[in-house]
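Worksheet: the structure to be examined is printed underneath.
The values are calculated or read from the model by the stated rules, or taken from the named source; none is laboratory data. Since the structure is predicted, the reported quantities are computational estimates derived from the model, not experimental observations. Cβ sites come from the backbone with ideal geometry, for glycine too, and all protein chains shown count toward neighbours.
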Protein chains: 2
Amino acid sequence: MSNTHGRVVVDVEQADDIALLADFAALSAIGATPAGGVERQAATPEDGQTRAWLQAWLAGRGFTVAQDRVGNLFGLLELVPGAPYVLAGSHLDSQPRGGRFDGAYGVLAAAHAAERLRRHYAAVHDRPRYNIAVVDWFNEEGSRFKPSMMGSGVFTGALPLEQALATTDVGGVTVGEALDAMGARGEADVFGENARRAVAAYAEIHIEQGRELEKAGIGIGLVDSTWAANKYELSVLGSQAHTGATAMADRRDALYGAALVVVAVRELADRFGLDLHTSCGQLTVYPNSPVVVAREVHMHLDLRSPSDELLAEADELLRVRLAEIEVQADVTINRTYAHTWRGQVYQPEGVELARSVATDLGLASVEVRTRAGHDSTNMKDRVPTVMLFVPSVDGISHAESEFTHDEDLCRGTQVLTETLARILQGAFD
Amino acid sequence: MSNTHGRVVVDVEQADDIALLADFAALSAIGATPAGGVERQAATPEDGQTRAWLQAWLAGRGFTVAQDRVGNLFGLLELVPGAPYVLAGSHLDSQPRGGRFDGAYGVLAAAHAAERLRRHYAAVHDRPRYNIAVVDWFNEEGSRFKPSMMGSGVFTGALPLEQALATTDVGGVTVGEALDAMGARGEADVFGENARRAVAAYAEIHIEQGRELEKAGIGIGLVDSTWAANKYELSVLGSQAHTGATAMADRRDALYGAALVVVAVRELADRFGLDLHTSCGQLTVYPNSPVVVAREVHMHLDLRSPSDELLAEADELLRVRLAEIEVQADVTINRTYAHTWRGQVYQPEGVELARSVATDLGLASVEVRTRAGHDSTNMKDRVPTVMLFVPSVDGISHAESEFTHDEDLCRGTQVLTETLARILQGAFD
């Protein structure tokens, strides 16, 4: 896949693609599930094994491995002593029974891109303006410990470190304890305002988690903006009772109330059409016995839209509907947590840089909007950021059947490599 | 509370009531929850402690303690060598965060009644026609191991022993293993067709788990029939996906399907009014992550009615509605288990015996129908059975706030004692 365009900094050989795919197969074997996915929730033993694999990979190629206080894992390569770093990566943690591409592909692509740049600068008599570092952000998925994008949130200052470390999973284990258990809690920041090292830019590549690229038949997505999102945790409070004996009129059934909420949230999406995505993915019943009317249900709602205004309108309609449900089911509904972000744009210069790279490599590209949050959603608020997508078959994600073709993985890594090369040479200066 | 009616066999002294209430307080301390309930699910350490307390109580008063192969616990008192036994009891296991009266009161009332009869026959120069035994039926609640009424089901032949022993809890522990762990699995039947001992009759007292007695201001309920019940386990199968990124039209959301089922089941009850009770008490979501569309939901439905015909009609309406929901939510719904029983009557001679006892004691009584299943529901299919209720404040049950007044506990035990005395003297012969 060597390229003949004159402006391309780093040529990619077939051997590079083969190495990438071989490493991706090795990585995908860790925490593998029978149906082709992986189960590597944050700070589980499988997450630890994946991190250890990456550390060995990086250390073996001359990268300096470091972990910060929230478990973000870095591989640093100093090409220009004292210069700021360009950071590239994604996350190695997965959803329960998640796909093997979500996050892990982005970390591996960044590692291979950095390694290609290391070899390039070792071979040519030329020095870049920046150093390069690979990152595995801790707990992007947020399934075991909420919120999602935790590591990049702490790194960018969006989430206080102490709050993140004190967060517990359903078993009462804190993030701090879980990080200590896998030896992943560093003693200091690796980068930071008062540290010797600074970060100048960020790049990330990810599978699309949607069908736009596949439908358009285009291999490279240039992420130009994010959907806005409202995430809520609700407690529905009823009264525990006997399912058979208690008269219907006397029931305060928390699960009936919660079911009405699930249906109402779906009806919101039906009302707004393509511009609103809604769901309830987590719902836990107490005491959850076949013959006991539930006293409490704890649930998570997720509303997303490209439009801040539409999302605000949906939020208000939901508020009204929840009040009606409280009457209908004779329950109390408390909102116990909310995590929201507005629709935001990525820096246009990042989009333009990636577009020119794709064009120079002879690859088709198109702007896409991301409905999901990514670590780059946090990073773009701090430094110039490039976010790239590669196609995902049928748009499947957060599922074992998630799949991206080899050639898309290879093409995406080539675009990421060249994008990083140009940033290292001052494309954002 | 000594009674002056000439026909009463066993007088009850104030000291007997005090002893009953003191023992009930001691029993209620085992597995006690902060809000006044108990947590003693079948074959948990707390169930084991409660059983040990009862064994010590019985052994200390000269009862022979024995356990059968499914963990039913008996205290036998041989008054007439070789004669059949009259059995009385209920269950010591509870729902998760259950009430302290449900089941435990019936076991303790039976133990005190038997002890009063022991003292009575030790004092008078008279011999009854039957022996007496107290029973704690294993796993009446069915919350940890399904089905409910397991111990009495095996005892009466309604449930095969091997099937019961092989049943697993959510952690994969079998009933057999759990019984062994608390030393509760006996090596042989204690009663049985080919055994030396036979059972001639059964009596049980329980809190009402409804409001009929309280509303009528009557202290003794004479259970004359049971509601019919249909219990189902359903699996709702969808497809795991990303809550934010996946287009609504592409979702096969198992939790949305399950929520529609919960609402549909409630609407069935609304349609049939007072003659149908419906609920979903247990619902478990997989993988249950905030940002993952559920691939599967496992749920338990519970439909009960005084009318077999109405229940059959509701069952058919539900079948039709489930098929509609499969289309609406693009999910598959499988029925994986069903446990049904038809509405049944208790022997009229049992109701008449208990009515005459109450009358002779100067107590008001009224026929009531039980909506819940009880161990007596199984026993009445085998031997003449008396089932008594005492009032429960606000009809609350399967909840920590379940409550019955002391005087109702004492009156009920007096009626049970006298009923057993008359059965021992041949009332059913």
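Filter the stretch B:205-219 for residues that are assigned to a strand (DSSP E or B) and within 11 Å of another protein chain (Cβ to nearest Cβ) and give the result. So that I can check it myself, show each step before the final result.
At the first step, the residues of the stretch B:205-219 found to be assigned to a strand (DSSP E or B) are B:205-207.
If the condition is that a residue be assigned to a strand (DSSP E or B) and within 11 Å of another protein chain (Cβ to nearest Cβ), then B:His206, B:Ile207 are the ones that fit.
Under 6 Å between Cβ atoms, at least 6 apart or on separate chains: pull out the pairs that start in the stretch A:36-53 with a residue that is in the same structural domain as A:Thr167 (by TED's automatic domain parsing) and end on any residue that is among the polar types (S, T, N, Q) and surrounded by fewer than 24 Cβ atoms within 10 Å (Cβ to Cβ).
Correct list of pairs: A:Glu39/A:Thr33.
(1) on the phi < 0 side of the Ramachandran plot; (2) touching a residue at least 24 places away in the same chain (Cβ under 8 Å); (3) within 10 Å of chain B (Cβ to nearest Cβ): which one isn't true of A:Ala249, the others all being true?
Every condition holds for A:Ala249 apart from (2).
With respect to B:Ala178, determine if the residue is small (Gly, Ala, Ser) and modelled with pLDDT of 90 or more.
Details: small (Gly, Ala, Ser): yes; modelled with pLDDT of 90 or more: yes.
Taking the combined requirement at face value, the residue satisfies it.
Go through the stretch A:36-70 and count every residue that is of a type in the set (Phe, Trp, Tyr) and under 22 Å from A:Arg97 (Cβ atoms). Show your work before the answer.
Taking the stretch A:36-70 first, the residues of a type in the set (Phe, Trp, Tyr) are A:53, A:57, A:63.
Now drop any that are not under 22 Å from A:Arg97 (Cβ atoms), which leaves A:53.
Matching residues across the stretch A:36-70 total 1.
Right, A:Glu352: at pLDDT 95 or above, of a type in the set (D, E, K, R) and assigned by TED's automatic domain parsing to the domain that holds A:Leu416 or not? If you could, list the steps in order and put the result at the bottom.
Details: at pLDDT 95 or above: yes; of a type in the set (D, E, K, R): yes; assigned by TED's automatic domain parsing to the domain that holds A:Leu416: yes.
When the stated conditions are applied, A:Glu352 passes them.
Could you list, in sequence order, the residues of the stretch A:234-246 that are surrounded by fewer than 23 Cβ atoms within 10 Å (Cβ to Cβ) and out of contact with any Lys or Arg (no Cβ under 7 Å at 6 or more places or on another chain)?
Scanning the stretch A:234-246 gives A:Ser235, A:Leu237.
Can you name the residue in the stretch B:225-243 that is within 11 Å of chain A (Cβ to nearest Cβ) and touching a Gly at 6+ places or on another chain (Cβ under 7 Å) and, of all such residues, is modelled with the highest pLDDT?
Ranking the candidates gives B:Gly238 first.
Kindly indicate which of B:Ala122, B:Ala188, B:Ala201 is at pLDDT below 95, aliphatic (A, V, I, L, M) and outside any loop (DSSP other than H, G, I, E, B). Steps first, answer last, please.
On the way: B:Ala188 fails: outside any loop (DSSP other than H, G, I, E, B); B:Ala201 fails: at pLDDT below 95.
Residue meeting the stated conditions: B:Ala122.
Quick one: would you say A:Val107 is more than 14 Å from chain B (Cβ to nearest Cβ), of a type outside the set (S, T, N, Q), under 18 Å from A:Thr64 (Cβ atoms) and in contact (Cβ under 8 Å) with a residue 40 or more places away in the chain? Walk me through how you get there before you give the answer.
Values: more than 14 Å from chain B (Cβ to nearest Cβ): yes; of a type outside the set (S, T, N, Q): yes; under 18 Å from A:Thr64 (Cβ atoms): yes; in contact (Cβ under 8 Å) with a residue 40 or more places away in the chain: yes.
Criteria met by A:Val107.
Rundown of residues vs (1) closer than 30 Å to B:Asp275 by Cβ; (2) under 20 Å from the mean Cα position of the chain (by Cα), yes/no style:
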| residue | (1), (2) |
| --- | --- |
| B:Lys146 | yes, yes |
| B:Gly151 | no, yes |
| B:Glu162 | no, no |
| B:Gly171 | no, no |
| B:Gly176 | no, no |
| B:Phe191 | no, no |
| B:Ile218 | yes, no |
| B:Val223 | yes, yes |
| B:Ala228 | yes, yes |
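Going by the structure shown, is B:Arg197 outside the structural domain of B:Pro96 (by TED's automatic domain parsing), out of contact with any helix residue (DSSP H, G or I) (no Cβ under 7 Å at 6 or more places or on another chain) and touching a residue at least 24 places away in the same chain (Cβ under 8 Å)? Let's see the steps before the verdict.
On the way: outside the structural domain of B:Pro96 (by TED's automatic domain parsing): no; out of contact with any helix residue (DSSP H, G or I) (no Cβ under 7 Å at 6 or more places or on another chain): yes; touching a residue at least 24 places away in the same chain (Cβ under 8 Å): yes.
When the stated conditions are applied, B:Arg197 does not pass them.
Of all residues being surrounded by 17 or more Cβ atoms within 10 Å (Cβ to Cβ) and modelled with pLDDT under 95 in the stretch B:316-344, which is nearest to the other protein chains (Cβ to nearest Cβ)? Just the residue, please.
Step by step, filter the stretch B:316-344, then rank; the result is B:His339.
Does the stretch A:298-310 contain any residue that is out of contact with any helix residue (DSSP H, G or I) (no Cβ under 8 Å at 6 or more places or on another chain), assigned to a helix (DSSP H, G or I) and either assigned by TED's automatic domain parsing to the domain that holds A:Val368 or farther than 26 Å from B:Tyr232 by Cα (or both)?
Taking the stretch A:298-310 first, the residues out of contact with any helix residue (DSSP H, G or I) (no Cβ under 8 Å at 6 or more places or on another chain) are A:298, A:300, A:302, A:308-309.
If we keep only those that are assigned to a helix (DSSP H, G or I) too, we end up with A:308-309.
Then keep just the ones that are either assigned by TED's automatic domain parsing to the domain that holds A:Val368 or farther than 26 Å from B:Tyr232 by Cα (or both); that gives A:308-309.
The answer is yes, given that some residue of the stretch A:298-310 is out of contact with any helix residue (DSSP H, G or I) (no Cβ under 8 Å at 6 or more places or on another chain), assigned to a helix (DSSP H, G or I) and either assigned by TED's automatic domain parsing to the domain that holds A:Val368 or farther than 26 Å from B:Tyr232 by Cα (or both).
Yes or no: A:Thr64 without any contact (Cβ under 8 Å) to a residue 60 or more places away in the chain, surrounded by fewer than 24 Cβ atoms within 10 Å (Cβ to Cβ) and assigned by TED's automatic domain parsing to the domain that holds A:Asp180? Even if it seems obvious, please write down each step before you answer.
Details: without any contact (Cβ under 8 Å) to a residue 60 or more places away in the chain: yes; surrounded by fewer than 24 Cβ atoms within 10 Å (Cβ to Cβ): yes; assigned by TED's automatic domain parsing to the domain that holds A:Asp180: yes.
Taking the combined requirement at face value, the residue satisfies it.
Looking only at the stretch A:282-292, count how many residues are at pLDDT below 95 and either aliphatic (A, V, I, L, M) or not in a loop (DSSP other than H, G, I, E, B) (or both).
2
Quick check on the stretch A:293-309. Is at least one of its residues surrounded by fewer than 19 Cβ atoms within 10 Å (Cβ to Cβ) and either out of contact with any Asp or Glu (no Cβ under 9 Å at 6 or more places or on another chain) or of a type in the set (A, V, I, L, M) (or both)?
yes
Against the condition away from chain B (no Cβ under 14 Å), modelled with pLDDT of 95 or more, within 19 Å of A:Gly71 (Cα to Cα) and crowded, with 21+ Cβ neighbours inside 10 Å, how does A:Leu222 come out, does it pass? Outline the logic, then answer.
On the way: away from chain B (no Cβ under 14 Å): yes; modelled with pLDDT of 95 or more: yes; within 19 Å of A:Gly71 (Cα to Cα): no; crowded, with 21+ Cβ neighbours inside 10 Å: yes.
Criteria not met by A:Leu222.
Scan the stretch B:366-401 for residues that are surrounded by fewer than 23 Cβ atoms within 10 Å (Cβ to Cβ) and among the small types (Gly, Ala, Ser) and report the count.
2
Might you let me know whether the stretch A:127-140 holds any residue that is part of a helix (DSSP H, G or I) and aromatic (Phe, Trp, Tyr)? Let's see the steps before the verdict.
So in the stretch A:127-140, the residues part of a helix (DSSP H, G or I) come out as none.
The answer is no; no qualifying residue exists.
Here's the yes/no breakdown for (1) touching a strand residue (DSSP E or B) at 6+ places or on another chain (Cβ under 8 Å); (2) more than 9 Å from chain A (Cβ to nearest Cβ); (3) under 16 Å from A:Arg251 (Cβ atoms):
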{"site": "B:Gly257", "(1), (2), (3)": "yes, yes, no"}
{"site": "B:Val261", "(1), (2), (3)": "yes, no, no"}
{"site": "B:Ala269", "(1), (2), (3)": "yes, no, yes"}
{"site": "B:Gly281", "(1), (2), (3)": "yes, no, yes"}
{"site": "B:Tyr286", "(1), (2), (3)": "yes, no, no"}
{"site": "B:Arg295", "(1), (2), (3)": "yes, no, no"}
{"site": "B:Leu311", "(1), (2), (3)": "yes, yes, no"}
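Being under 20 Å from B:Leu21 (Cβ atoms) and away from chain A (no Cβ under 14 Å) narrows it down to one residue among B:Ala88, B:Ala59; which is it? Talk me through it step by step, then tell me what you get.
Numbers: B:Ala59 fails: under 20 Å from B:Leu21 (Cβ atoms).
Unique residue meeting the criteria: B:Ala88.
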